[in-house]
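The values are calculated or read from the model by the stated rules, or taken from the named source; none is laboratory data. Since the model is a prediction, treat every value here as computed from it, not as a measurement. Glycine also receives a Cβ, built like all others from the backbone with ideal geometry; neighbour counts cover every protein chain displayed.
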Amino acid sequence: MMIWDTEITRRLGIRLPILAGGLQWLGDAPYVAAAAHAGIMGFVTAASFGGDMDALRAEIRKARDMCGTLPFGVNVSMLPKLVPDDQTADVFRLIADEGVTVIETSGRNPEPYIKLLKDFGLTVIHKVPAVRYAVKAQSVGVDMVSIVGAECGGHPGMDMIGSFVNGAMAGRDLHIPFLIGGGVGHGSQLVAALAMGASGVVMGTRLLVAEEVTAHARYKQALVDATERDTVLTMGSVRNTIRTLANETTVEVARMEAESPDVTIQELLPLVSGQIGRKAYQTGDVSRGMLSAGHALGLTDKVEPMADIIARIEAEAETAYRKTGQVMHFQEAAE
């Protein structure tokens, strides 16, 4: 067995340099506990609780009970629309009060909260869609950044830079630990990311087919049956580009955007509301709703326990690492 020793494994106390990114509606205690017991770190998604602080606190406590002494984190989207009355500071305070030490932030520049987060003793991993935002996050004092490329499910930003390019640029431009995400679902990609200077990778889509994910079996089977060609980008017209599973909703949204370039988010909301997508997780009907999914659908081949998914990824990484040794040989230059 390989021993993984990166800044991420050391600082977060995990065995493998993999983060199971926060998933809206699905980032709950069973998800983070499955990740923890598989040797990686998962995140309870605070926005899933819609500002209900008591419910968030209860989920964090449930996660702690399920994880035991294994570490987990909390994902906090700082988008105002996901944080009622801008309760962001209160959410951070609750997380710290509950003894969680790692948070994954996203949505906007975390600079206004950095001092508060440091005072709380929280390790801040800020998620961004491009290296230029990572450089800014580094300058304001975050501890680490995760950079999710154009291949990711959910929001890849407006720049649409691929993960491979992001990795090389981050290795050149950053001096804090960084992780690469977006289309990551195979162990060879972990090895490639580490070779580019990353301290680990972030996975989302690849883990949606874990047995422990709290979603309907038909939803998971739809992801297994889908391929890397079954995602679509929409909502670019309102500067909120999202990559999701192609379905009836994405066809309608694309039609509205094509016919009316000035369409507003208010006009799209009856189709793209998160509550509609949430129903798919509950019912298994994937024909409607914006169901975040990335190119790693090409690697979701079956529903299985989280531990088995991670074991496969680790075995793939070991194989990839051995292959590099077979093709690369260093030779001392002749004097």
> For segment 132-153, which residues satisfy the criterion of being under 16 Å from the mean Cα position of the chain (by Cα) and either at pLDDT below 95 or of a type in the set (Val, Ile, Thr) (or both)?
Replying inline: VAL145, ILE147, VAL148, GLY149
> What's the number of the condition HIS126 fails, among (1) under 27 Å from ARG243 (Cα atoms); (2) at pLDDT 95 or above; (3) surrounded by fewer than 19 Cβ atoms within 10 Å (Cβ to Cβ)?
Replying inline: (3)
>> With the structure loaded, tell me whether VAL74 is on the phi < 0 side of the Ramachandran plot, under 19 Å from the mean Cα position of the chain (by Cα) and either among the β-branched types (Val, Ile, Thr) or surrounded by 18 or more Cβ atoms within 10 Å (Cβ to Cβ) (or both) or whether it fails that test.
In response: yes
>> Just the residues that are under 14 Å from VAL131 (Cβ atoms) and in contact with a Gly (Cβ under 6 Å, 6 or more places away or on another chain), please, taken from segment 173-194.
In response: LEU179, ILE180, GLY182, ALA193
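Matching residues to (1) touching a strand residue (DSSP E or B) at 6+ places or on another chain (Cβ under 9 Å); (2) at negative phi; (3) surrounded by 12 or more Cβ atoms within 10 Å (Cβ to Cβ):
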{"position": "PRO270", "(1), (2), (3)": "no, yes, no"}
{"position": "GLY277", "(1), (2), (3)": "yes, yes, yes"}
{"position": "GLY284", "(1), (2), (3)": "no, no, yes"}
{"position": "ILE313", "(1), (2), (3)": "yes, yes, yes"}
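Taking PRO71, is it outside any loop (DSSP other than H, G, I, E, B) and assigned by TED's automatic domain parsing to the domain that holds VAL184?
Numbers: outside any loop (DSSP other than H, G, I, E, B): no; assigned by TED's automatic domain parsing to the domain that holds VAL184: yes.
In short, no.
Does SER237 fit the bill of being hydroxyl-bearing (Ser, Thr, Tyr), at pLDDT below 95 and closer than 20 Å to MET158 by Cβ? Quick ask: steps written out before the conclusion?
On the way: hydroxyl-bearing (Ser, Thr, Tyr): yes; at pLDDT below 95: yes; closer than 20 Å to MET158 by Cβ: yes.
Yes.
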>> The conditions are (1) within 16 Å of the chain's Cα centre (by Cα); (2) crowded, with 19+ Cβ neighbours inside 10 Å, and GLY162 fails exactly one of them. Which is it?
In response: (2)
> Can you pull out the residues in segment 3-25 that are among the aliphatic types (A, V, I, L, M), in contact with a helix residue (DSSP H, G or I) (Cβ under 9 Å, 6 or more places away or on another chain) and modelled with pLDDT of 95 or more?
Replying inline: ILE14, LEU16, ILE18, LEU19, ALA20
>> Pull out all pairs, ordered by first then second residue, where Cβ-Cβ is under 7 Å, the residues are six or more apart or on different chains, the first lies in segment 113-137 and is assigned by TED's automatic domain parsing to the domain that holds GLY167 and more than 20 Å from ILE95 (Cβ to Cβ), and the second is of a type in the set (S, T, N, Q) and surrounded by 23 or more Cβ atoms within 10 Å (Cβ to Cβ).
In response: ALA130/ASN166; VAL131/ASN166
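Which residue out of GLY99, GLY183, GLY167, GLY121 is farther than 24 Å from VAL32 by Cα and not polar (S, T, N, Q)?
Numbers: GLY99 fails: farther than 24 Å from VAL32 by Cα; GLY183 fails: farther than 24 Å from VAL32 by Cα; GLY121 fails: farther than 24 Å from VAL32 by Cα.
Every option except GLY167 fails the conditions.
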> Just for segment 79-110: of the residues that are of a type in the set (D, E, K, R) and modelled with pLDDT of 95 or more, which one is surrounded by the most Cβ atoms within 10 Å (Cβ to Cβ)?
Replying inline: GLU104
> Which one of GLU252, GLU228, GLU248, GLU259 is touching a residue at least 12 places away in the same chain (Cβ under 8 Å) and either among the hydrophobic types (A, V, I, L, M, F, W, C) or out of contact with any helix residue (DSSP H, G or I) (no Cβ under 9 Å at 6 or more places or on another chain) (or both)?
Replying inline: GLU248
>> Can you find a residue that is assigned by TED's automatic domain parsing to the domain that holds ILE310, assigned to a helix (DSSP H, G or I), touching a residue at least 12 places away in the same chain (Cβ under 8 Å) and farther than 27 Å from ILE309 by Cα anywhere in segment 49-56?
In response: yes
>> Looking only at segment 151-190, filter to residues that are in contact (Cβ under 8 Å) with a residue 40 or more places away in the chain and outside any loop (DSSP other than H, G, I, E, B); which one of those is farthest from ARG11 (Cα to Cα)?
In response: GLY154
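Yes/no matrix, rows are residues, columns are (1) under 24 Å from GLY50 (Cβ atoms); (2) in the same structural domain as GLY154 (by TED's automatic domain parsing); (3) outside any loop (DSSP other than H, G, I, E, B); (4) basic (Lys, Arg):
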position	(1), (2), (3), (4)
SER237	no, no, yes, no
VAL251	no, no, yes, no
GLU257	no, no, yes, no
VAL263	no, no, no, no
ARG288	yes, no, no, yes
ASP308	no, yes, yes, no
ILE313	no, yes, yes, no
GLU316	no, yes, yes, no
PHE330	no, no, no, no
>> Please determine whether any residue of segment 45-53 is surrounded by 14 or more Cβ atoms within 10 Å (Cβ to Cβ) and of a type in the set (S, T, N, Q).
In response: yes
